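Each remark here refers to the structure printed beneath this line.
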Amino acid sequence: MQTQTVKIVVTGPFNSGKTEFIRSVSEIDVVSTEKKITAEAEKIKESTTVAMDFGRITVDDDLVLFLFGTPGQKRFDFMWEILSEGMLGFIVMVDSTRPETFKEARSILETFRAYAPTPYLVAANKQDSIDAWDVEDMRVALRLDPSIKILPCVAKKKSAVKTVLLELLYGILEEMDAAQSRSDEGA
Amino acid sequence: MTLKGNLKEFSFIQLLNLINLAKKSGALYIERPDVTCRMIFREGKLAFAELGNEQLPLITILYEAGLISTAQKELLSIRTAAMNEKAAGIFLISANYVDQTQVSTLLMTRFSEVVRKIFAWEDGFFRFEAGELIPDGRIPVHMDLENLIVEGARRLQEIEELKSEIPSLNMALKFTDRPDAEMRNFNLSVEEWRVINYIDPKNTIQQIAAAVKMDEIQIRRVVYTLLQAGLIEIVRPGGMPLRLPEKMFPTQNPDEQKSLVNRLIHRIRSI
Ligand SMILES: Nc1nc2c(ncn2[C@@H]2O[C@H](COP(=O)(O)OP(=O)(O)OP(=O)(O)O)[C@@H](O)[C@H]2O)c(=O)[nH]1
Ligand SMILES: [Mg+2]
């Protein structure tokens, strides 16, 4: 039997920690199309993702999970729709220390939500920093309804990344159950 | 817990929204090189606001509102000279110059003016000091923020900004489940009410726009105002999440799909 693949997309604003997140759990070195940053305005970091990050978790002989990280900079948003095709779910990474990016995070979330009705959650990243906003404040600022999960995250910590991925998968199971009971009712 | 930043990136209206919805108590400071604004909130309601140190005596406020005459003002100014605002208020109320509602209303009007001035600030550092109470001797009010938020949201006119707030018109809208959001208390415009009539997870924003004959910018403007007021939220059309998309899984068999997710869970737990 051919190996089956599924994918989860990790998106979010520039510098929110998407590459770091994938790097923490991927079993291969993240294939990252990073590029040195030259524009002065964006010089808060050395390199940025220009096309995508690509990580892999082998489940067994028949199943592989791919993690795709989107580029954070707006001028690459033409990549988003391509990357979102066929995804199992998506994670919106938000830098909890930079409220100036919340608006964009919300916009990215709305954009992805419109691509496909797949489950998603929000990861409030960099919670290890003293400047991090409270998760519940972020929920309000990002206008997330109480049914949407927002989880504290530290992308550098494998355990935190695992929790985020697991919560997304639990969410997928819940939606499958809900869909099933709806179709049972209909039948 | 940190709540600080610059208005350039996190606007004043977003802040008010946050304070309102999260029912915060404490002081919001907004600093510019020339002046500092301080607002005190209690459980998400405005209790006090001042810009710089411009404290107007209560007597002057009453006089400007036409509640006392020039002669009374002079006399009362002397009588209350040594009193703080609260003591002066109690004195004026017990001497029947004004009643409590009038005092509250006048202060609320003044505080609203401060809020309106800040709406025009495009930058300024802000920080929120949780738990801070109103200064000693000042009279607190208990003012809902919703109408100020609606007023502020209407000022947002930039098309680019509206597009980034509401990128897709193929999404639908539903009312938020806030038990305290009493629609009647909102000063909504006719356009806003017209859109309200069509809020239903079954209608996309596009369809509502067609029904109320608005163009893409007009409908975004109204939706943005209602969103900011915390009255509605964006949802996927059809109410409940629809069927999961087929391409999500390499197999269409529900049992296999479930087993696949369970295998993923098992694997990730073991990392
Ligand atoms: N303190 C802290 N720093 C983090 C965390 N996650 C990421 N960072 C740092 O944040 C910066 C950005 O991380 P990246 O993983 O490159 O972010 P990105 O989202 O891939 O960025 P772009 O591809 O440029 O959009 C790096 O300096 C990381 O070391 C975290 O959880 N805590
Ligand atoms: Mg990256």
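The values are calculated or read from the model by the stated rules, or taken from the named source; none is laboratory data. None of the values given here were measured: they were computed from a predicted structure. We place every Cβ from the backbone using ideal geometry, glycine too, and count neighbours over all the protein chains shown. In case anyone asks, the SASA skips ligands and DNA or RNA and just uses the protein heavy atoms, side chains included. Shrake-Rupley method; radii C 1.70, N 1.55, O 1.52, S 1.80 Å.
Things worth noting here:
- Condition check for A:Ser96: within 24 Å of B:Leu260 (Cα to Cα), touching a Phe, Trp or Tyr at 6+ places or on another chain (Cβ under 7 Å) and buried (at least 16 other Cβ atoms within 10 Å of the Cβ): no
- Only one of the listed residues (B:Leu260, B:Leu264, B:Leu227) is out of contact with any helix residue (DSSP H, G or I) (no Cβ under 9 Å at 6 or more places or on another chain), assigned to a helix (DSSP H, G or I) and of a type in the set (A, V, I, L, M, F, W, C). That residue is B:Leu260.
- Boolean, B:Ile217 is farther than 12 Å from B:Leu173 by Cα and in contact with a Leu (Cβ under 9 Å, 6 or more places away or on another chain): yes
- Matching residues in segment A:64-100 - criterion: being part of a helix (DSSP H, G or I) and touching an Asp or Glu at 6+ places or on another chain (Cβ under 6 Å): A:Glu100
- Residue within segment A:121-128 that is at pLDDT below 95 and either more than 9 Å from ligand 1 (Cβ to nearest atom) or within 11 Å of chain B (Cβ to nearest Cβ) (or both) present: no
- The lone criterion from (1) open to solvent by less than 40 Å² (accessible area, probe 1.4 Å); (2) more than 16 Å from ligand 2 (Cβ to nearest atom); (3) within 21 Å of A:Leu67 (Cα to Cα) left unmet by A:Val161 is number (2).
- Any hit, segment A:99-106, residues being closer than 30 Å to B:Phe249 by Cβ, surrounded by 17 or more Cβ atoms within 10 Å (Cβ to Cβ) and out of contact with any His (no Cβ under 9 Å at 6 or more places or on another chain): yes
- Residue check for B:Glu192: surrounded by fewer than 16 Cβ atoms within 10 Å (Cβ to Cβ), in contact with a helix residue (DSSP H, G or I) (Cβ under 8 Å, 6 or more places away or on another chain) and modelled with pLDDT of 85 or more: no
- One residue stands out in segment A:53-63 among those that are in a strand (DSSP E or B) and either near ligand 1 (Cβ under 9 Å from one of its atoms) or surrounded by fewer than 16 Cβ atoms within 10 Å (Cβ to Cβ) (or both): the one that is modelled with the lowest pLDDT, namely A:Asp53.
- Set side by side, the residues A:Thr111, A:Thr118 differ, and just one is open to solvent by 20 Å² or more (accessible area, probe 1.4 Å), within 11 Å of chain B (Cβ to nearest Cβ) and among the β-branched types (Val, Ile, Thr), which is A:Thr111.
- Some residue of segment A:140-157 being farther than 16 Å from A:Arg106 by Cβ, open to solvent by 20 Å² or more (accessible area, probe 1.4 Å) and facing chain B (nearest Cβ under 7 Å): no
- Selection of helices (runs of 4 or more DSSP H) fully inside segment B:59-146 by the criterion of at least 3 residues being touching a helix residue (DSSP H, G or I) at 6+ places or on another chain (Cβ under 8 Å) and open to solvent by 20 Å² or more (accessible area, probe 1.4 Å) returns B:70-79, B:100-119.
- Test for A:Leu109: is it assigned to a helix (DSSP H, G or I), away from ligand 1 (no atom under 12 Å from the Cβ), modelled with pLDDT of 90 or more and of a type in the set (A, V, I, L, M): yes
- Qualifying positions in segment A:139-170 - modelled with pLDDT under 95 and in a helix (DSSP H, G or I): A:Arg139, A:Val140, A:Ala141
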